[in-house]
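Asker: Quick one: this structure, given as structure tokens, is what I'll be asking you about.
Derivation of every value follows stated rules applied to the coordinates shown; laboratory data play no part. Computed from a predicted model, the values in this text were never measured in an experiment.
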Amino acid sequence: MKNKIKKKTSINCLKCKEPAVCCRLGAWIDLEEAKKILSLGIKGDFFHLEIDKAFPSGYKVGTSYEDEQCVFLDTDGLCRIHKFDYAIKPVTCKEFPYEGKEIAPIAEFLCVAHKSRVKKAKPRGKK
């Protein structure tokens, strides 16, 4: 029996019943993206500069302090960066709930759409 290849399923964030819940813990973004956002004067800050070779610049920064919500989340529940210009929205934010081609581990906690799909999936039991 051959192994089945996992197919990437699509999650439509526009249909989410709880928008911005995925922003409640902030995100790790590339340092160069952070510099671009700051240069445009968008209200917000960055925290916890760390070396991380998985990011293009080799560094990542957080968009929240500790376990707080993203500092770019506006009072209307929308992202200030996204409202300013979607093109400069950080890659990790654009791609969430995915990391590469897989569902991010944190998606089971943050992503309402992903959680609802997991609940709908029929559990496999013994016959």
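Asker: Sequence-distant or interchain residues sharing an amide H contact under 5 Å with Cys79, placed H: which?
Answerer: Asp74
Asker: Related question: Is the shape of region 17-119 rounded, prolate or oblate, going by the alpha carbon gyration tensor and its root eigenvalues a ≥ b ≥ c, with a/c under 1.5 for rounded and a/b larger than b/c for prolate?
Answerer: Cα axes put region 17-119 in the oblate bin.
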